[in-house]
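The structure appears below as structure tokens.
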Amino acid sequence: MVKISKDYQICYAHRLLNHQGKCARLHGHNGMISISVDGNINEEESSPRHGMVLDFEDLDFGIGHWLDNVLDHRTILEIGDPLIRSIIDSEDEDSIIVIDQPPTAEFLAMFIYTQVKDWLEVFKGEFQASVTF
């Protein structure tokens, strides 16, 4: 198996409802996300992915596009956060993403990892993926 990795950056805001420190306040981050895909090198000479585990362009058009259009410049909040109603009432509901866990780096990495795993199924190969946030 061989691993390829690509880094992406998103800007996002969040807060942690039950946190006792500064992270209980709404604040923003520039998040660096590294997506790694392990797999076998494609040896089919007629394949456009010959000699590759996965084309970096496929990563960009798949996961990169998703990160840019779904998470970048969004406010990520946990279900039940009172700010959700305020944002919806301000008619800016496209700016929020609501998840069912606290929006910590760890849970955001898992949220992204789930998307990566689902996306990789399109390529019908044996891939392992990892996400570092």
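The values are calculated or read from the model by the stated rules, or taken from the named source; none is laboratory data. Keep in mind that this is a model prediction, so the values were computed, not measured. FYI the Cβ positions are ideal-geometry reconstructions off the backbone, even for glycines, and counts take in every protein chain you see. Please note that ligands, DNA and RNA were not included when accessible areas were found on the heavy atoms of the full protein model with its side chains. Shrake-Rupley method; radii C 1.70, N 1.55, O 1.52, S 1.80 Å.
Let's see how each residue does on (1) within 19 Å of Ser5 (Cα to Cα); (2) at pLDDT 95 or above; (3) touching a Cys at 6+ places or on another chain (Cβ under 9 Å); (4) polar (S, T, N, Q):
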{"residue": "Asp60", "(1), (2), (3), (4)": "yes, yes, no, no"}
{"residue": "Asp68", "(1), (2), (3), (4)": "yes, yes, no, no"}
{"residue": "Asp72", "(1), (2), (3), (4)": "no, yes, yes, no"}
{"residue": "Glu78", "(1), (2), (3), (4)": "no, yes, no, no"}
{"residue": "Glu93", "(1), (2), (3), (4)": "no, no, no, no"}
{"residue": "Gln101", "(1), (2), (3), (4)": "no, yes, no, yes"}
{"residue": "Thr104", "(1), (2), (3), (4)": "no, yes, yes, yes"}
{"residue": "Met110", "(1), (2), (3), (4)": "yes, yes, no, no"}
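Looking only at residues in the stretch 69-82 that are without any contact (Cβ under 8 Å) to a residue 60 or more places away in the chain and farther than 19 Å from Ala105 by Cβ, which one is most open to solvent (accessible area, probe 1.4 Å)? Per the criteria, the residue is Pro82. Filtered by the rule that a residue be open to solvent by 50 Å² or more (accessible area, probe 1.4 Å) and in a strand (DSSP E or B), the stretch 1-25 gives Val2, Lys3, Ser5, Lys6, Asp7, Gln9.
Considering only residues that are in a helix (DSSP H, G or I) and in contact with a strand residue (DSSP E or B) (Cβ under 8 Å, 6 or more places away or on another chain), look in the stretch 111-133 and name the one that is nearest to Asp58 (Cα to Cα). The extreme case among them is Leu120. Taking the stretch 83-104 as the range and being among the small types (Gly, Ala, Ser) and open to solvent by 40 Å² or more (accessible area, probe 1.4 Å) as the test, the residues that pass are Ser86, Ser90. Restricting attention to the stretch 50-80 and to residues that are hydrophobic (A, V, I, L, M, F, W, C) and part of a loop (DSSP other than H, G, I, E, B), the residue that is nearest to Ile96 (Cα to Cα) turns out to be Ile79.
Looking only at the stretch 26-49, residues that are part of a strand (DSSP E or B), under 30 Å from Asp94 (Cβ atoms) and either open to solvent by 40 Å² or more (accessible area, probe 1.4 Å) or acidic (Asp, Glu) (or both) come to 5 in all. The residues listed here are Asp94, Asp89; of these, the one that is in contact with a Lys or Arg (Cβ under 9 Å, 6 or more places away or on another chain) and not basic (Lys, Arg) is Asp94.
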